[in-house]
Amino acid sequence: MTTAPVELARVTASDRSAAAPGARQAAQWAALRWQRYRLDALILMAVVALSGVVHARGMADYPNWVDDPGTYLSQAWSFQHDGALSPYTYFYDHAPLGWITIGLYSMLTNGFGRHALAMDFGNEAMLMAKLVGCVLLYLVARRLDFGRVWATVAVLLFALNPLALTYSRWTYLDNLVTPWLLLAVLMATGRRKHLGAFAVAGLAFAGAAMTKETALLTAPAFAVLFWQHIDRRTRGKTLAVVATTASLMLLYPAYALLKGELFAGPGHNSLLGTASWQLAHRTPSGSILDPASVTRDLWQGWLTYDSWLIWAGIGAGIIGLGRRRLRGVAVLLACQISVLFTGGYVPFMQIVNLLPWMALLVAGVLAQVLRPSVWLRSGWVRRIGIGAVALVTAAGAATALPHWYRADVSIMGPHTAPPLKQATAWVSDHVPRDQVMVVHDALWTELVAKQGFTPDNVIIVYKLDSDPAVNARLKRIDFLVLPDYYYTTPAAAGQYPTAVAARDRAVPVAHFGTDPTSAVTVYRVSSAWVPRPGG
Amino acid sequence: MNRPLNSRQAWFVVFGGLALLCLPPVLWPDTSILLIAVALAAISGTTLAFQLYGWRTPEHSVADGAVVPSPATLRMAIFLAARKEATVLASTLQRMVTLRHPSYRVYVVIDHRDDPETLEIARRFEAEHPQLIRVVAYPDVPTSSKPIALNEAMRQLVASGERWDVVGVADAEDRFHVDLLATVDHLCRTTGAGIVQGAVQLVNFETTTSGHHVPDGYLVAFHRWLGRVLGLGAVATPPGLRRIDRTPRFRRWLGRIGSGWWRASNCLEYFKWFTSRLKLQAAAGVIPLGGNTVFFTREFMHDLHDYTGTWWDEDCLTEDCKIGIVASVLGHRVEVFSIPTMATYEETPATLTKFIRQRVRWMQGFIQVFFEGTWTKLPTLSQRLLAVFVLGFQFFQAFSTVLAPVAVVLALTHKAPTAVALISLVPLLVGGWNVVIDLIMMRDFGLAYAPAAAGRRRTRVRLIDYVGVALGTFLFQLALAVSAVWAVQRSLAGITNWVKTEHLGAHVQLDLEPELARPRTA
């Protein structure tokens, strides 16, 4: 055998092991990534820490307890303890992934067990969602070519504005949708256009839709994002991969189908029945353009917390529609805003779905306009324009920031406990465990999960007349624990006839709070009164 | 498996094992369905990932086409084992003497003892091109097999003292692209790989060229058969039937319906295998090689011989698969390149039965490689796990497709908990989208190989081929599942005949010459 005159590329043993990435390669890779991203990581840690502190301080007593968080926590608790989707008959009010997530988080961390109050655990879950949202928001901002400064601004606008701070503390499904949507945007805009990233984008979109079905409204925005970011060379496969993972959301209707509850029919709940009620028959809130509408009231309510980010966000959204890099996010915001104009039912917390994108767009538009390189390349007319934008921004910031600071300090500062929280403490101290109580949603999980009442004896007020199973079971009512306005709203007699009838034969035994919108009275119902099914 | 069972005992064991496997679902239905569903979901997800790997980013999807070979400097030796290949060898050797590479020689190994026709062709070429072709006599052993032929060629090459840097393997019907050797030469020098695997592609996804026709035509034969079955005796054939039978269009249509479903799936399988799966496995360092268009550097051949004492394992049904695993154990990288114009074209097996036999042989080979246990010496745990997965993949995949609907039906009929039923739907969902991806790939396959088939209207992928792929997916996997069961039975019984897949030359009949001879433009 002769020796080869041409030396083959000799492979050393260490080179060969590159075929199998070992621990050393992983460490090298990590070191390289750290070198490249350490500044971002440090900024992110600081921003997240600040956001976390502002969010967490005082979240136990502010904002006031409302009904939806109680409902979702009761369903999360039911998932953890009974493997059910609701302590009552699940009626497809929302897709269940949101409270399944909370339930799983509790299972992994003993969430309901760790806290004195179930609501505190809900608050903690929202804090986690907020922090994850902040991280994702920063990454999305960087992905859309924001500099580190503007990415930080985007996160701070989202984390520190008093409106978002208030609403993101409530245990709402929408607060869990935000991280899913941010993840979907992040993965759909990857620079390498990796199929795996698109697969995750589809999965995240499915996650959002299965957390709250209203996320489906953002589909046009993802159409724009995919159109912009999918490469022609791999278009078919990418779309198929997105469709594959996104179609996992079909498990929700499949669940209904398996239960025989997909289509409306007599004697059972159904997904489509509830959906058609939600879409067509629910009391419409009216269009925001109608000054007398409920939607306008909601809007005015949101503006009392903070108007700066909302108006700036709308302005940035309009500009963003014209900027290629921001268009997808701007369309996403437009989708979420469009709900206010349809005239249909607008949820109280719809603003939650607007704020992260507004924060992103405001920072994004400023990042594109206020850039030294743009300033240097521009003629005088544009420089004046840029100067004007800078001035308006500075003036806006100078006005808004002190307001935000005062509002945030007040939100973080000490508050008296919400009346429903006080009522919870009173009930657990004074009411024997065998008593039948009709309670506000927020109390159910507290009393059942934390205070040892049996689920059958604690009835959420709106189930009393809407759930046939509850109604059939009802033999007596001993206590009513409800905010006063439940009896006084014009619709009360129609909505809660049994509770209103019971109160007429009851005596108040405890009263909490002074504000008529939140004050709670505990009533002892006469033992002589017997509820009539159906009120 | 010390003492092989007889055939009947082996079937008994196989069906007994399958029956035993049915026991858990009967005893613990919910748990079993859950486990099956989770396993199926994992397999269908992995299948998806494996076959999309080659397209994971737009850059990767076009990377191979961007290779521009630098001037060739290596000495190439091509081994070509031929046995009873008189029909195709001449055209193969004609191509072999026109390859564009400065320094190569083809060693044709022919079992001359009972094959004078093939030998005669090879001798003719050797006389005409003494620098390029050399005939190697088959050793005097009772059996005739490809590994023995290749080893003999290797022995004689080493003994001759001639210079060589790379050896490649070709089959008798393989017509290499004229620039293939230059590309391999370039990759050997620039990537540091010990093995370079080029793409092999089945191209006759339609059946018109396979040459199997009933002499009278299908309709006439069917009419006769019907008459016999109904007891009508000899019935005169209506002339209309014969006329329809003879139209090429009808024959084409019938052929596509009759066997297009598995041929298209088979071609597609090769396309996905060489464009995507092999690349993932090369990157992970666990790779079963193909049987031809594969090239080994001298350094690797030395290491291989040091490690196994031979080159090609003469007792293994899939010696190429084994070499791939040994390469990973020895730490040699494998470079896979898939350029449609440079692929080696092959044909699908002539009939479905022959296809199943081929698969049985491969799976038996994989079982053999698995039990030999070379893979247990792979350096990392993840590689060993991947090796199990790769060797078992054919079994897993076939059964996952066949079992997916069964799991759903089980879950629904047994009133399994809703969560379990939901999970059992996931593999079906992923499988459904996998069919869509198959259709997209079929289009890619058509586009990639359309230039090669330029001017041949018939080789275009048509609607009926897409329909075949979509509807044939399940049946194709069913055929694989049947092969898997059969392979297990034959392994248990120790039966190892059916060594060779017969070649009819369908791909050679394709008029590919003008395009293949055209130099690749960078």
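The values are calculated or read from the model by the stated rules, or taken from the named source; none is laboratory data. Just so it is clear, the structure is predicted and the values come from calculations on it, not from any experiment. Please note: Cβ atoms are built from the backbone with ideal geometry, for glycine as well, and neighbour counts cover all protein chains shown. For accessibility, only protein heavy atoms count, side chains too; no ligands or nucleic acids. Shrake-Rupley method; radii C 1.70, N 1.55, O 1.52, S 1.80 Å.
Tabulated values for the structure
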item	result
Within straight-line cross-link reach of residue A:421, aspartates and glutamates at Cα separation under 14 Å, skipping those fewer than 8 residues along the same chain	A:61, A:67, A:120, A:429, A:441, A:446
The protein assembly as shown, accessible surface, carbon-and-sulfur percent (1.4 angstrom probe)	64
Set of lysines with alpha-carbon distance to residue A:475 below 22 Å, sequence-local pairs under 8 removed	A:463
Taking only Cα atoms of region A:142-242, radius of gyration then Dmax in Å	15.0, 46
Size descriptor, Kirkwood hydrodynamic radius, that averages inverse alpha-carbon separations across region A:221-316, Å	18.0
Mean accessible surface per residue for the protein assembly as shown, computed with a 1.4 Å probe while every protein chain stays in place, in Å²	43
Chain A: Rg to Rh, with Rh as the Kirkwood radius over Cα pairs	1.04
Helix-only CD estimate at 222 nm, as mean residue ellipticity for chain A, using -39500 (n - 2.57) per DSSP H run (n ≥ 4)	-19000 deg cm²/dmol
Interface burial for B against A (accessible surface, 1.4 Å probe, total of both chains, Å², rounded to 100)	3500
Residues along region B:381-410 losing 40 Å² or more of accessible surface when the other protein chains are present rather than the chain by itself (probe 1.4 Å)	none
log₁₀ of I(q)/I(0) at q = 0.14, 0.18 Å⁻¹ - region B:329-420, Debye sum with one point per alpha carbon	-0.86, -1.06
Considering only chain A, percent of DSSP beta bridges that pair antiparallel, nearest 5	65
Potential extension, residue B:156-residue B:35 segment - 0.36 nm per residue separation minus Cα distance	38.1 nm
Kyte-Doolittle mean at least -0.5, axial Cα span of 24 Å or more - DSSP H helices of chain B	B:7-27, B:29-52, B:352-372, B:381-413, B:418-449, B:463-493
Listed residue pairs exceeding 22 Å between alpha carbons, taken from B:84/B:272; A:193/A:237; A:237/A:259; B:84/B:146; B:146/B:322; B:84/B:354	B:84/B:272; A:237/A:259
Ellipsoid equivalent to region A:406-508 - semi-axes via the Cα gyration tensor, in Å	26, 18, 13
For the protein assembly as shown, alpha-carbon Rg relative to the globular expectation (2.2 N^0.38 Å, N residues)	1.17
Label-point separation in nm, residue A:311 to residue B:249, each point 7 Å along Cα→Cβ	7.3
Estimated FRET transfer efficiency (residue B:475, residue B:496; beta-carbon r; R0 30 Å; 0.05)	0.60
Gain in span if fully extended, residue A:281 to residue A:84, counting 0.36 nm per residue against the direct Cα distance	68.2 nm
At R0 = 56 Å, FRET efficiency that the Cβ-Cβ distance of residue B:90 and residue B:415 yields, to 0.05	0.25
Neighbourhood net charge (11 Å Cβ-Cβ; Lys/Arg +1, Asp/Glu -1) for residue B:115	-2
Separation of the residue A:257 and residue A:491 label points, Cα + 7 Å toward Cβ, nm	3.4
Residue-averaged 222 nm ellipticity for chain B, from DSSP H runs of 4+ at -39500 (n - 2.57), nearest 500	-19000 deg cm²/dmol
Estimated distance in nm for a label pair at residue B:224 and residue B:330, the labels positioned 7 Å out from Cα along Cα-to-Cβ	5.6
Residues residue A:388 and residue A:148, FRET efficiency given R0 of 30 Å [Cβ-Cβ distance, rounded to 0.05]	0.75
Normalised per residue, the volume of the convex hull around the Cα set of region B:279-324 (Å³)	83
Full-extension gain in nm, residue A:397 to residue A:24, via 0.36 nm per residue minus C-alpha separation	129.4 nm
Directionally averaged projected area (convex hull, Cα atoms, region A:335-470), nm²	14.4
Chain A: relative contact order in percent, alpha carbon pairs under 8 Å with at least 6 residues between	16
